[in-house]
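Participant: The structure under discussion is supplied below as structure tokens; questions concerning it will follow.
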Number of protein chains: 2
Amino acid sequence: MAETINEKDQAKTIEELLVRTLINHELELFREEYFNLHPYDQARFYLRLSVELRERIYECLSPQEMADIFENLDADDEDYEPILSEMVPQYAADMLANMYTDDAVDVLNELNKEQVASYLTIMDDASAQEIKDLLHYEEYTAGSIMTTEFVSIPEHSTVRSAMAILRSKAPSAETIYYTFVINNEKQLSGVVSLRDLITAEEDMLIKDIMSDRVVSVSVGEDQEEVARTMKDYDFLALPVVDFQNHLLGIITVDDIMDVLDEEASDDYSKLAGVSDMDSRDRTPFRAAKKRLPWLIALLFLGMLTANLIGRFEATLDQVAILAVFIPLIAGMAGNTGTQALAVAIRSIATGDIQDESKWKLIFREAGTGLITGTTCGILVIGIVYVWQGSIFLGLLVGISIFASLIVATLAGSLVPLIMHKFNIDPAVASGPFITTINDIFSILIYFGIATAFMGYLV
Amino acid sequence: MAETINEKDQAKTIEELLVRTLINHELELFREEYFNLHPYDQARFYLRLSVELRERIYECLSPQEMADIFENLDADDEDYEPILSEMVPQYAADMLANMYTDDAVDVLNELNKEQVASYLTIMDDASAQEIKDLLHYEEYTAGSIMTTEFVSIPEHSTVRSAMAILRSKAPSAETIYYTFVINNEKQLSGVVSLRDLITAEEDMLIKDIMSDRVVSVSVGEDQEEVARTMKDYDFLALPVVDFQNHLLGIITVDDIMDVLDEEASDDYSKLAGVSDMDSRDRTPFRAAKKRLPWLIALLFLGMLTANLIGRFEATLDQVAILAVFIPLIAGMAGNTGTQALAVAIRSIATGDIQDESKWKLIFREAGTGLITGTTCGILVIGIVYVWQGSIFLGLLVGISIFASLIVATLAGSLVPLIMHKFNIDPAVASGPFITTINDIFSILIYFGIATAFMGYLV
């Protein structure tokens, strides 16, 4: 941010001033200064306050004004439930009614059913109905992130009347920069941008200036897919339709940026084996709660590996030096598997996978495993021979690495592909799981070979 | 996408028709059908063609028309150099001149210096100068992704004259939905949206309807930081200024979506230990080339671990059963380290780290390590005791897990924090490196304790 030191100091002073006015109950002065902030900064300031000071804000801001602030809180980072319970229920309901429907739904999705029902009961009927219509869409679908506050115009309007509609709807619509055009059956038939409208003659018909190459998404579409479409086509708004092409709502680019971010975080945390990460985990207990299920699952998988090695105890007893290379072989297999896994998951997430066949990906990964396996295998044979002076030990470790890398690369790419095939989110096949599975494979290979060629080692 | 089977078939038919017209040299018919596609689909179709058919496209499309297609290619996925070399140099230069400057710069950044110089020489002077102005900004800064095709209006204009300017600039400006306002010194003083303009009285002064709470970024700002700002504030365009607050360019939301995606991919691939992933890696050789450097580095680190265990060969010789638990302990340490690493890197990337002190994060992670370590340690003592019937072996493995998890959690969070402190991109501390480092720690702990309490084990 282009803030000079002075501006930063100034920002701090404004915050201090705001806090002071709240403490002194100078609510008129507070309002004046507070509305000078950007809505996002208003939201951040609001969140940092104590419950006591927040309650003073509710005294001096109307539910409408509070709605603007709430729209700027981040759905993934905040716990709405305690905040809503600070407010008088009628105030909270009025605020929710004044929010953009999609944002209100985001908030309500975090509450339990009774809470949602009680807010909807005391809300005005029109808003409650709009919210109910959106609430029944499954989370993470286009329907759940779309807004119903959009402007649509009939094909046979003139530019003049379209502009009049836009002017009147400008204060409440989420975007007026893209307007979707509907035919007599209320089906989506085109799109016209405000750019087109302001440069067109006022008497022209919308039908003649609109673009009928309009890309839409269906209401049940996965939000990640919607985000891809929006990003690829550089749209600012996408229309959402039902299976008969009726226009149900629109999705705006600001919501899509949040989706892109959310999905990226999601894939990332799964690769690392943390169920999800958010900034609310301010205590070690909350953080540990999210990591322990993975760790315990991995612990049992690890015990399986231990059990497996235990079966080769006779081999180990005779040639203790074998133990020295266990972490190397298991580690290399784990790392290669994670690489292949990440590539496969990204290919699936970005939709690249549709451009080429799955078999092609698998053959390519097999080839990659062959190349990396051969290179690392030969290197290892050399190093172990020089270090331990035994060509047989070198060959054993080298060949094990060679075979493990090929198997691990294939496992890393096959597992997510198979999951994708069965419509399971492939990101669930997290890094640690692939790593542990590859540990097992590589140890089987290593001790299998060692036991078979025992005679050369002792 | 809301495509019915019929629409998909139709899309295929259109593509086949387009290819047929190209082969038959029916270029007029081709143009007609081709321009019915969305620019993004035009770009995808174009990319799938053979060089021979692409050359026919250059015959029938003007450099201006080709520029629109080129703007829709994805800078990260495509190799521009071979494509440009298919074109007659003057055609390529004219096309670059007709692209939005920021997109042209993206293309030129992929070429070597001589190629850039030769295109700039044969380009018209005005365009060449605009491109040169942007080319000298460092990659991944606000300057490198901003566009200079924006509309700015003086504070003292009326709404009427501002609208007239916008109408005339609409065809060439990248966005007209946000217009930035400058004062007499050409410094950024406010912003006015098209929404505000169309709802305002025509005789009002811009000064009176503009918002002076305008958030800007400085030209040297990191693009990831810019993306965060844009996402948090839900802007469609951000102004870029120099240190004296002069307006240099704007960054539009479509470029930011690409940045968000790029940065997420980047962090993700580093966590997995692949230097970068892109869909151009269509051959095993290219894929292997990107993964081998990591694997070989990890191989040497792994040899270090092996060497370390080798020093405990005497211990191993006496108690072979110790080897059985090596992968379990090393694996658990590696997994915990990756979890802590991912959380720390995400906190840094999303800027959450600025909201709380680094010490707080470290204390929290230490606490988390203590909780996960205690839980897993106790579990392990129980399992090993039941399985192996030796309480001492159980205690040895359990205590090693306990200590390893604490150390690994701390290592996973400290390493990225230290790197961040020294302005090194913390994502470089990839998962595999943290894993291997934690292997070493955990094995030292395990064999250290084992060797010290040897008497109880044999």
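Participant: Looking only at region B:301-321, filter to residues that are under 24 Å from A:Tyr385 (Cβ atoms) and more than 7 Å from chain A (Cβ to nearest Cβ); which one of those is surrounded by the fewest Cβ atoms within 10 Å (Cβ to Cβ)? I'd like the intermediate steps shown before the answer.
Facilitator: Here is the first cut: in region B:301-321, the residues under 24 Å from A:Tyr385 (Cβ atoms) are B:301-314, B:316-317.
If we keep only those that are more than 7 Å from chain A (Cβ to nearest Cβ) too, we end up with B:301, B:304, B:307-308, B:311-312, B:314.
On the way: B:Leu301: 19, B:Leu304: 14, B:Asn307: 13, B:Leu308: 16, B:Arg311: 12, B:Phe312: 20, B:Ala314: 10.
Ranking the qualifying residues of region B:301-321, first place goes to B:Ala314.
Participant: Here is a follow-up. Collect the residues in region A:322-342 that are at the interface with chain B (Cβ under 7 Å from one of its Cβ atoms) and either farther than 25 Å from B:Phe433 by Cα or of a type outside the set (A, V, I, L, M) (or both), keeping them in residue-number order.
Facilitator: Across region A:322-342, the qualifying residues are A:Phe325, A:Pro327, A:Gly331, A:Asn335, A:Thr336, A:Thr338, A:Gln339.
Participant: Among the listed residues B:Ser85, B:Ser144, identify the single one that is of a type outside the set (A, V, I, L, M) and outside the structural domain of B:Asn36 (by TED's automatic domain parsing).
Facilitator: Just one listed residue meets the conditions, B:Ser144.
Participant: For region B:137-156, name all the residues that are surrounded by fewer than 19 Cβ atoms within 10 Å (Cβ to Cβ) and either closer than 18 Å to B:Ala97 by Cβ or within 13 Å of another protein chain (Cβ to nearest Cβ) (or both).
Facilitator: Residues satisfying the conditions are B:Thr148, B:Glu149.
Participant: In region B:72-93, which residues are buried (at least 21 other Cβ atoms within 10 Å of the Cβ) and either farther than 21 Å from B:Phe35 by Cα or of a type in the set (D, E, K, R) (or both)?
Facilitator: Result: B:Leu84, B:Ala93.
Participant: Related question: I'm trying to understand the selection: among the residues of region B:281-300, which are surrounded by 18 or more Cβ atoms within 10 Å (Cβ to Cβ) and assigned to a helix (DSSP H, G or I)?
Facilitator: B:Pro284, B:Ala287, B:Ala288, B:Lys290, B:Arg291, B:Trp294, B:Leu295, B:Leu298, B:Leu299
Participant: Does B:Arg213 meet the test of being part of a helix (DSSP H, G or I) and free of Cβ contacts under 8 Å to residues at least 12 places away in the same chain?
Facilitator: When the stated conditions are applied, B:Arg213 does not pass them.
Participant: Please state which of the following conditions B:Glu225 fails to meet, knowing it meets all the rest: (1) within 16 Å of B:Thr148 (Cβ to Cβ); (2) surrounded by fewer than 21 Cβ atoms within 10 Å (Cβ to Cβ); (3) at pLDDT below 90.
Facilitator: (1)
Participant: For region A:217-265, name all the residues that are out of contact with any Gly (no Cβ under 9 Å at 6 or more places or on another chain), closer than 19 Å to B:Met257 by Cα and not in a helix (DSSP H, G or I).
Facilitator: Of everything in region A:217-265, those that are out of contact with any Gly (no Cβ under 9 Å at 6 or more places or on another chain), closer than 19 Å to B:Met257 by Cα and not in a helix (DSSP H, G or I) turn out to be A:Val217, A:Asp222, A:Asp234, A:Phe235, A:Leu236, A:Ala237, A:Leu238, A:Ile250, A:Ile251, A:Thr252.
Participant: Residues A:Ser193, A:Ser168, A:Ser189: which one is among the polar types (S, T, N, Q) and loosely packed, with under 15 Cβ neighbours inside 10 Å?
Facilitator: Answer to the selection: A:Ser168.
Participant: Name the residue, out of B:Arg364, B:Arg346, that is in contact with a Pro (Cβ under 6 Å, 6 or more places away or on another chain) and in the same structural domain as B:Leu444 (by TED's automatic domain parsing).
Facilitator: Values: B:Arg346 fails: in contact with a Pro (Cβ under 6 Å, 6 or more places away or on another chain).
Among B:Arg364, B:Arg346, only B:Arg364 is in contact with a Pro (Cβ under 6 Å, 6 or more places away or on another chain) and in the same structural domain as B:Leu444 (by TED's automatic domain parsing).
Participant: Yes or no: B:Ile251 buried (at least 21 other Cβ atoms within 10 Å of the Cβ), more than 9 Å from every other protein chain (Cβ to nearest Cβ), under 17 Å from the mean Cα position of the chain (by Cα) and under 28 Å from B:Met163 (Cα atoms)? Talk me through it step by step, then tell me what you get.
Facilitator: Working: buried (at least 21 other Cβ atoms within 10 Å of the Cβ): yes; more than 9 Å from every other protein chain (Cβ to nearest Cβ): yes; under 17 Å from the mean Cα position of the chain (by Cα): yes; under 28 Å from B:Met163 (Cα atoms): yes.
So B:Ile251 fits the description; yes.
Participant: Could you check region B:107-124 and list, in sequence order, the residues that are of a type in the set (Asp, Glu) and closer than 23 Å to B:Ile69 by Cα?
Facilitator: Answer for region B:107-124, where residues must be of a type in the set (Asp, Glu) and closer than 23 Å to B:Ile69 by Cα: B:Glu110, B:Asp124.
Participant: Cβ contacts < 9 Å: first residue assigned to a helix (DSSP H, G or I), restricted to region A:123-143; second residue of a type in the set (Phe, Trp, Tyr), any location; separation 6+ or different chain. Result?
Facilitator: A:Ala128/A:Tyr119; A:Ile131/A:Tyr119; A:Gly143/A:Tyr137
Participant: Then there is this: Return the only residue of B:Val159, B:Val181, B:Val191 being under 27 Å from A:Lys169 (Cβ atoms) and within 12 Å of another protein chain (Cβ to nearest Cβ).
Facilitator: Details: B:Val159 fails: within 12 Å of another protein chain (Cβ to nearest Cβ); B:Val181 fails: within 12 Å of another protein chain (Cβ to nearest Cβ).
Within the list B:Val159, B:Val181, B:Val191, the selection yields B:Val191.
Participant: Looking at this structure, is B:Asp68 buried (at least 19 other Cβ atoms within 10 Å of the Cβ) and either on the phi > 0 side of the Ramachandran plot or under 29 Å from the mean Cα position of the chain (by Cα) (or both)? Walk me through how you get there before you give the answer.
Facilitator: Details: buried (at least 19 other Cβ atoms within 10 Å of the Cβ): no; either on the phi > 0 side of the Ramachandran plot or under 29 Å from the mean Cα position of the chain (by Cα) (or both): yes.
No, not satisfied.
Participant: Before we move on, is B:Met230 more than 11 Å from chain A (Cβ to nearest Cβ) and more than 19 Å from B:His136 (Cα to Cα)? Give the derivation first.
Facilitator: Details: more than 11 Å from chain A (Cβ to nearest Cβ): no; more than 19 Å from B:His136 (Cα to Cα): yes.
For B:Met230, the condition - more than 11 Å from chain A (Cβ to nearest Cβ) and more than 19 Å from B:His136 (Cα to Cα) - is not met.
Participant: Any idea which residue in region A:301-313 is farthest from A:Leu379 (Cα to Cα), counting only those that are in contact with a Ser or Thr (Cβ under 8 Å, 6 or more places away or on another chain) and in a helix (DSSP H, G or I)?
Facilitator: A:Leu301
Participant: I would also like to ask the following. Please verify whether A:Tyr100 is at positive phi, of a type in the set (Ser, Thr, Tyr) and in contact (Cβ under 8 Å) with a residue 40 or more places away in the chain, treating the condition exactly as stated.
Facilitator: Values: at positive phi: no; of a type in the set (Ser, Thr, Tyr): yes; in contact (Cβ under 8 Å) with a residue 40 or more places away in the chain: yes.
The answer is no for A:Tyr100.
Participant: So, one more: Give the residue, chosen from A:Asp266, A:Asp261, that is surrounded by fewer than 24 Cβ atoms within 10 Å (Cβ to Cβ), farther than 21 Å from A:Ala411 by Cα, within 7 Å of chain B (Cβ to nearest Cβ) and out of contact with any Cys (no Cβ under 7 Å at 6 or more places or on another chain).
Facilitator: A:Asp261
Participant: Please note which helices (runs of 4 or more DSSP H) are completely contained in region B:362-458 and include at least 2 residues that are among the β-branched types (Val, Ile, Thr), in contact with a helix residue (DSSP H, G or I) (Cβ under 6 Å, 6 or more places away or on another chain) and on the phi < 0 side of the Ramachandran plot.
Facilitator: Numbers: elements: B:391-421, B:431-452, B:454-457.
Where helices (runs of 4 or more DSSP H) fall fully within region B:362-458 and carry at least 2 residues being among the β-branched types (Val, Ile, Thr), in contact with a helix residue (DSSP H, G or I) (Cβ under 6 Å, 6 or more places away or on another chain) and on the phi < 0 side of the Ramachandran plot, they are B:391-421, B:431-452.
The values are calculated or read from the model by the stated rules, or taken from the named source; none is laboratory data. Since we're looking at a predicted model, the values are computed, not measured. Cβ sites come from the backbone with ideal geometry, for glycine too, and all protein chains shown count toward neighbours.
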